[in-house]
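Novice: For reference, the structure I am asking about is given below.
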Amino acid sequence: MEIEPKFTARHLNFFYGDFKALDDISITINTHQVTALIGPSGCGKSTFLRCLNRMNDLIPGIRVEGNIQLDAEDIYASNIDVVNLRRRVGMVFQKPNPFPKTIFENVAYGLRVNGIKDKKILKQRVEKSLKQSALWDEVKDRINSSALGLSGGQQQRLCIARALAVEPDVLLMDEPASALDPIATQKIEDLIHELKKNFTIIIVTHSMQQAARVSDITAFFYMGKLIETGDTETIFTRPSLKQTEDYITGRFG
Amino acid sequence: MERHFIKELDDLKMTLLNMAALTRRAFEKATQAYLNRDEALARSVVEGDREINNLELKIDQIVLKLLALEQPMARDLRFILGATKISKELERIADQAVNIAERSLFLCQHPPLDHLPAMDQLIEVADAMLDAAITSFVEENTQKAIRIRQMDDIADKYTLEVLQTLIDKMVKSTPGAEKRILNTRRAVQTIIISRCLERVGDLATNIGEHVAFIVEAINIKHQKIDFDE
Ligand SMILES: Nc1ncnc2c1ncn2[C@@H]1O[C@H](COP(=O)(O)OP(=O)(O)OP(=O)(O)O)[C@@H](O)[C@H]1O
Ligand SMILES: [Mg+2]
């Protein structure tokens, strides 16, 4: 498969009021690859992730400079439909956050928001998403019971199914496994390997081992700057910068 | 506060340095035993080998534990992998020292052969290579590591010279059958020693390659080096 850029960020600066949280970030994120964002707490990983589907727009006093293109289209252009952008660029958070509704309704939610009413189509899409998120076999017999009765790991896969239901191109994951036990974590990681065939995935993680296991490309952020990016094998065996090496070998601070 | 892991890495390095020092000592004793026809010294090399073998096992143990419990990355990972490789080379060098010592024990039982200058030089080169290998590791000096290979050609040259000289001697030795058998046996034992010395040079070269891998993440194993540069 040929490698094509999905996102291209150029000279991106991001401000919360006067505070510059991202400083001159330029990076290309490839289609059908998993890109891991690593770096110490507060370095701007989540901020950068939220720039990619303009989730930061909801925070008052923010300012963006530079540009980000999704499939060669400037996502901060004035004519961009932000709702559609967020459909194309789905997001999964650290803590599973299912709605207090049935499993079915959780997954169907985004479809209903997008105006799909046909029962048959809804059923098909919900089933497809649950299969893609490797949850179908575990819930197919209780699809109409409450999502809150699922385990943490199942809830997280449900949230992934919910994100996938609207057929996005990109999945942003902000520490998706940090609240999960090792077995549930492994399921999410296996799922990421599976999903990258059809989606572009960007994951924030604090676990070096997780970044090493799931990603193709690793980007190291420090104090709002992108310090080094490269293929994951290189970053974790022979990074070119000492700062990167010090961070991944735990010698930081 | 120093991280537990860093301390464990230091322990690994210290154990490896200890093994290197013992190996170097064994090699020096073996060659001295050969040169000075010193039986007691030769025996002490044979006896000392167990300690070196044990250190290799200890290093394997530390490495296994660090890999399993610490999941090291980048330079740490390369150092840990490099440490197992270097300890394997050291163990083999120590075996060569034992081999040299055993041959020397045989030679001590019989009157000496004529002095072989190429053998003195071979010992000197092999010793210099081993020294460079160990210091390149201690100093994390890739340049020194790369230069070991240059010496390898010199070692090969002297090995060949020893072989040729001794073959000539065997062919030319004319007197009675008994003397001839003794001559041949002494010559063959000496040739084996020269082989061991050459092998020590090869193993020292390998150590240099592992050092380059640890320090620079480069593989110089199959690289051509332009010595004129
Ligand atoms: N809503 C906000 N208002 C003001 N400052 C913020 C806001 N969100 C984040 N920041 C600041 O921006 C910087 C980057 O934060 P961000 O959440 O992107 O870091 P992070 O790399 O995701 O950290 P962590 O690993 O702890 O999640 C931090 O200094 C943070 O305090
Ligand atoms: Mg964050």
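The values are calculated or read from the model by the stated rules, or taken from the named source; none is laboratory data. Keep in mind that this is a model prediction, so the values were computed, not measured. Using ideal geometry, Cβ is built from the backbone for each residue, glycine included, and neighbour counts are taken over all protein chains shown. Accessible surface is based on the protein model in full, side chains and every heavy atom, while ligands, DNA and RNA are left aside. Shrake-Rupley method; radii C 1.70, N 1.55, O 1.52, S 1.80 Å.
Novice: So if I check each of A:234, A:244, which one is surrounded by fewer than 19 Cβ atoms within 10 Å (Cβ to Cβ), within 14 Å of chain B (Cβ to nearest Cβ) and in contact with a strand residue (DSSP E or B) (Cβ under 9 Å, 6 or more places away or on another chain)?
Specialist: It is A:234.
One line per residue, one yes/no per condition, for (1) in contact (Cβ under 8 Å) with a residue 40 or more places away in the chain; (2) more than 9 Å from ligand 1 (Cβ to nearest atom); (3) of a type in the set (Phe, Trp, Tyr):
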position	(1), (2), (3)
A:30	yes, yes, no
A:45	yes, no, no
A:79	no, yes, no
A:82	no, yes, no
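Novice: Given B:203, B:160, which one is at pLDDT 95 or above and open to solvent by 60 Å² or more (accessible area, probe 1.4 Å)?
Specialist: Result: B:160 is the single residue among B:203, B:160 that is at pLDDT 95 or above and open to solvent by 60 Å² or more (accessible area, probe 1.4 Å).
Novice: Now for a different question. Hey, any hits in the stretch A:176-184 for a residue that's modelled with pLDDT of 95 or more, in contact with a Gly (Cβ under 9 Å, 6 or more places away or on another chain) and within 30 Å of residue A:39 (Cβ to Cβ)?
Specialist: no
Novice: If you take the residues of the stretch A:27-81 that are within 14 Å of ligand 2 (Cβ to nearest atom) and charged (D, E, K, R), which of them is least open to solvent (accessible area, probe 1.4 Å)?
Specialist: A:45
Novice: Since residue B:127 meets every condition but one in (1) free of Cβ contacts under 8 Å to residues at least 60 places away in the same chain; (2) buried (at least 18 other Cβ atoms within 10 Å of the Cβ), which condition does it not meet?
Specialist: With respect to (1) free of Cβ contacts under 8 Å to residues at least 60 places away in the same chain; (2) buried (at least 18 other Cβ atoms within 10 Å of the Cβ), residue B:127 is out only on (1).
Here's the yes/no breakdown for (1) of a type in the set (Lys, Arg); (2) touching an Asp or Glu at 6+ places or on another chain (Cβ under 9 Å):
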site: B:88; (1), (2): yes, yes
site: B:98; (1), (2): no, yes
site: B:109; (1), (2): no, yes
site: B:123; (1), (2): no, no
site: B:172; (1), (2): yes, no
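Novice: So, one more: Looking at the stretch A:105-114, can you tell me whether even one residue there is of a type in the set (Asp, Glu) and at positive phi?
Specialist: No: the stretch A:105-114 contains no residue that is of a type in the set (Asp, Glu) and at positive phi.
Novice: Tell me which residues, restricted to the stretch A:126-182, are free of Cβ contacts under 8 Å to residues at least 40 places away in the same chain and within 16 Å of ligand 2 (Cβ to nearest atom).
Specialist: A:177
Novice: Being modelled with pLDDT of 95 or more and acidic (Asp, Glu) is the filter; apply it to the stretch A:190-230 and report the residue that is most open to solvent (accessible area, probe 1.4 Å).
Specialist: Filtering the stretch A:190-230 for residues that are modelled with pLDDT of 95 or more and acidic (Asp, Glu), the one most open to solvent (accessible area, probe 1.4 Å) comes out as A:216.
Novice: Then there is this: Residues of the stretch A:47-76 being over 18 Å from the mean Cα position of the chain (by Cα) and away from ligand 1 (no atom under 15 Å from the Cβ), which ones?
Specialist: A:65, A:66, A:67, A:72, A:73, A:74, A:76
Novice: Tell me which residues, restricted to the stretch A:11-20, are within 14 Å of ligand 1 (Cβ to nearest atom) and either modelled with pLDDT under 95 or open to solvent by 10 Å² or more (accessible area, probe 1.4 Å) (or both).
Specialist: Within the stretch A:11-20, A:13, A:15, A:16, A:17, A:18, A:19, A:20 meet the criteria.
Novice: Something else now. For the subset of the stretch B:1-55 comprising residues that are over 18 Å from residue B:210 (Cβ atoms) and of a type in the set (Lys, Arg), which member is farthest from the other protein chains (Cβ to nearest Cβ)?
Specialist: Taking the candidates together, the pick is B:37.
Novice: Which of the residues that make up the stretch B:130-145 are of a type outside the set (Asp, Glu), within 15 Å of residue B:26 (Cβ to Cβ) and open to solvent by 50 Å² or more (accessible area, probe 1.4 Å)?
Specialist: Within the stretch B:130-145, no residue meets the criteria.
Novice: Working carefully through the options B:68, B:21, B:83, B:42, find the one that is over 19 Å from residue B:128 (Cα atoms) and surrounded by fewer than 17 Cβ atoms within 10 Å (Cβ to Cβ).
Specialist: Within the list B:68, B:21, B:83, B:42, the selection yields B:68.
Novice: Moving on to the next point. As an exercise: evaluate residue B:152 against (1) open to solvent by 50 Å² or more (accessible area, probe 1.4 Å); (2) under 17 Å from the mean Cα position of the chain (by Cα) and give the number of the one condition it does not meet.
Specialist: Unmet for residue B:152, out of (1) open to solvent by 50 Å² or more (accessible area, probe 1.4 Å); (2) under 17 Å from the mean Cα position of the chain (by Cα): (1).
Novice: If you don't mind, there's one more thing I want to ask. If the requirement is being in contact with a helix residue (DSSP H, G or I) (Cβ under 7 Å, 6 or more places away or on another chain) and not hydroxyl-bearing (Ser, Thr, Tyr), which of these qualifies: A:42, A:110?
Specialist: After applying the criteria, what remains is A:110.
Novice: I'd like to check something: does the stretch B:208-223 contain any residue that is in contact (Cβ under 8 Å) with a residue 12 or more places away in the chain and either on the phi > 0 side of the Ramachandran plot or in contact with a Cys (Cβ under 9 Å, 6 or more places away or on another chain) (or both)?
Specialist: Yes.
Novice: Residues of the stretch A:80-131 being closer than 21 Å to residue A:185 by Cα and not hydrophobic (A, V, I, L, M, F, W, C), which ones?
Specialist: Within the stretch A:80-131, A:90, A:94, A:95, A:96, A:97, A:98, A:129, A:131 meet the criteria.
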